[in-house]
Amino acid sequence: MKYLLDVNVLLALLFNQHEFHGRVESWVSSLQKNGRPHLATCPLTELGCVRIASGIGAFGVDVVFTKNLLQRFKQSKHISFSFIADSIGVERLPEWTKKSRQTTDGYLKALADEHGYFLATLDKGIPGAFLIP
């Protein structure tokens, strides 16, 4: 199975101090028991990760540190990473996208669907997404 990582999932993987680090790390470990998991990022998830991690009071790191951390993580020998280029516009937002706070979720779900991935998230409110246990 192939998973596009939501921003919060990416942050949880990169930062031990993230409240869901253990949960996401356990999920990735369970995937590794069945071989080399295939995970993906996209422009929105990578930029969101860097923006949040380097924001005031977030994880106490800067843009360069976060960018380098993400690049090293994507070169892991235990995980296969892909980068999904942005290929959809607002016309592809799902029907359930009704409020501004749902636009990123709708976009990521549509992008994952377009490329045959599951959107891996910690958000219970995304219809059809894979909720990390």
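Just so it is clear, none of the values below were taken in a lab; they were calculated from the coordinates. What you see is a predicted model; the values in this text were computed from it and never measured. Glycine also receives a Cβ, built like all others from the backbone with ideal geometry; neighbour counts cover every protein chain displayed.
At-a-glance table
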| read-out | value |
| --- | --- |
| Label-point separation, SER100 to LYS124 (7 Å along Cα→Cβ), nm | 2.6 nm |
| Prolate/oblate/rounded call for the stretch 2-131, Cα gyration tensor, a/c under 1.5 rounded | oblate |
| Listed residue (ALA58, HIS38, GLY106) projecting farthest to the positive dipole end of the stretch 2-131, Cβ model | HIS38 |
| The stretch 96-111 and the stretch 58-75: distance between their alpha carbon centers, rounded to Å | 26 Å |
| The stretch 2-131: Lys pairs at Cα distance under 28 angstrom, eight or more positions apart or on different chains | 23 |
